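What follows is one structure encoded as structure tokens, with my remarks underneath.
Please treat every number below as a calculation from the coordinates, not as lab data. This is a predicted model, so every value here is computed, not measured. As a convention, Cβ positions derive from the backbone with ideal geometry for all residues, glycine included, and neighbour counts pool all protein chains shown.
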Amino acid sequence: MRIYDIITKKRYGAQLSGEEIDFVINGYMRGDIADYQISSLLMAICINSMSESETNHLTKAMLNSGDTVDLSSLGDLSVDKHSTGGVGDKTTLIVAPIVASCGGRVAKMSGRGLGFTGGTIDKLEAIDGFKTVLDQKEFLAQAKDVGAVVIAQSGNLVPADKKLYALRDVTATVESIPLIASSIMSKKLASGAKSIVLDVKVGRGAFMKTEDDAKKLALAMIKIGRSFDRGVTALITNMDIPLGYCVGNSLEIYEAISVLKGQGEKRLTTVALELSASMLSMALKIDIEEATKMAQESISSGRALEKLQQMIYAQGGRLDIINNQDSLLGDKHTYEYRATGDGYIASVNAERVGTCSMLLGAGRVKKEDKINHRAGLFFKKSYGDYVKRGDTIATLYANDISLFYGAAKMLDEAILISEEKPSDNILIYDIIK
Ligand code: URA
């Protein structure tokens, strides 16, 4: 077999066999196939796509490139959740305690933020003392005892994806549905949960800019999951505007606690409850109405908040943040971003808000960058609200006042004030099983 022939075959749009896909992934991991050859193949895949069986095979080949986590001791109760990424998306911090407090088991590996999108591990590290690295034994023990554990993805989980993703990132080959689906699902399958709920984001702050593409990606991932005997449900949710009022790591922990106290912003609370209900429905094998009721009661009874405390305690974090939530608010310097006229907030561009948060120090431009866990934005008004000139729209936090200028300019581009009341923004487009 020769990589040259495989590239040629894909260039003509033909289907690759399982053996050919194994040859590519194994050869690339061994160093027998060069980056420039894989780049060429990736571009051919971007242009000519892959069939369902090619996508499944690619997922399997990537999955087999490294370690996998064995969660079989948790039986059918183990359930994972994955968001395709967004701005202000702190749902894992809400969903994991809700599901665990209702009897599900969430043993989850998460990532860090890059560019305008945030990552759960950065948010958790905003809690003083919180350990995001545990060994397998500790990880499993906490999954059994507490029911919720979230750690950083281990070094050797799907190394083929790490290598391929780094290459895709610099060769304009990220935006391909089979490549994204196999990349995400190989990591989810390696993480070991029996069921998976996918939150596929659509809009200006997401990879998928149209509902149609988001659905295609969701379906591709569901099919992969099925072929590996995992239950998969996908929610297609809006990421045109940020989710919730807070963007930035410690601020998002603040907001997650508010939701678990029953005082959360409506859209964020709704998405978190829908995700939790889908997870509980699969893990406990109950219908969605019963699962929704359970999730709601876990908040109103305080059980979900208690579960978050147990999780933070088990991972070494400071517990006083629950009762002293304000200690999570902000940095040395604040800046009030104010309305320049009267009217309705008719647009809050999620991507630009994410970039604004990054400019304040909450996110990374490059993987190696250090972040400031306390930087970010706290919106006081959001999409559809009426504001008067001079009203604060958002409070910005940073450790250096010189950062506010660029951040405020970015917000000028993100926010549109209009005389006309905007129509309601769809929150959940679809739920696909
Ligand atoms: N997230 C991933 O993990 N992989 C992709 O290819 C795109 C988004």
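About the Cα centre of the chain, how large is the charge dipole given +1 on each Lys and Arg Cβ and -1 on each Asp and Glu Cβ? Please answer in debye to the nearest 20. Intermediate values should be presented prior to the final figure.
Working: 52 positive and 54 negative charges, 79 e Å.
Around 380 debye, computed over the chain.
Among Gly86, Ser101, Asn64, flag the residue with its Cα farthest along the positive direction of the charge dipole of the chain, charges on Cβ as +1 for Lys/Arg and -1 for Asp/Glu.
Of the listed residues, the answer is Asn64.
At a temperature of 37 °C and a viscosity of 0.692 mPa s, determine how fast the chain diffuses translationally according to Stokes-Einstein, using the Kirkwood radius over alpha-carbon pairs as Rh; express D in µm²/s, rounded to the nearest whole number. Don't skip to the end; give the middle numbers.
Working: Rh = 22.2 Å.
Here the translational diffusion coefficient equals 148 µm²/s.
Connecting C-alpha atoms closer than 10 Å in a GNM of the chain, tell me which of Ala408, Ala362, Ala107 has the biggest fluctuation.
It is Ala408.
Note down the relative contact order for segment 1-112 as a percent, whole number, built from C-alpha pairs under 8 angstrom at least six residues apart. Mind dumping the intermediate values first?
On the way: 74 pairs, mean separation 27.1, N = 112.
Relative contact order for segment 1-112 comes out at 24 percent.
For segment 187-219 and segment 416-433, what is the separation of their C-alpha centers, rounded to whole Å?
When both Cα centres are located, 20 Å separates them.
Just tell me which lysines come within less than 16 Å, Cα to Cα, of Lys409; anything on the same chain fewer than 8 places away is out.
none
Which longest run of the chain has no exposed loop site in it, a site being GluC sites (Glu not before Pro) in a DSSP loop with at most 11 other beta carbons within 10 Å, and the site itself not part of the run?
Working: sites that count: Glu368, Glu419, Glu420.
The longest uninterrupted stretch comes out as 1-367.
Build a GNM of the chain with springs between Cα atoms under 10 Å: which of Arg105, Arg168, Arg374 gets the top mean-square fluctuation?
Arg168
Can you list the lysines whose alpha carbon is less than 21 Å from that of Lys162, not counting same-chain residues fewer than 8 positions off?
Filter leaves Lys60, Lys81, Lys108, Lys187, Lys188, Lys366, Lys367, Lys370.
Roughly what % of DSSP beta bridges within the chain run antiparallel, to the nearest 5? Could you put the intermediate results ahead of the total?
Numbers: 23 of 44 bridges.
If we restrict to bridges inside the chain, about 50 percent are antiparallel.
Positive end of the dipole of segment 330-418, charges at C-beta (+1 Lys, Arg; -1 Asp, Glu), about the Cα centre: which of Thr392, Ile415, Leu403 has its Cα farthest in that direction?
Leu403
For the chain, take the longest principal axis of its alpha carbons; what is the angle in degrees between that and the long axis of helix 18-30, to the nearest 10 within 0 to 90?
For helix 18-30, the angle is close to 70 degrees.
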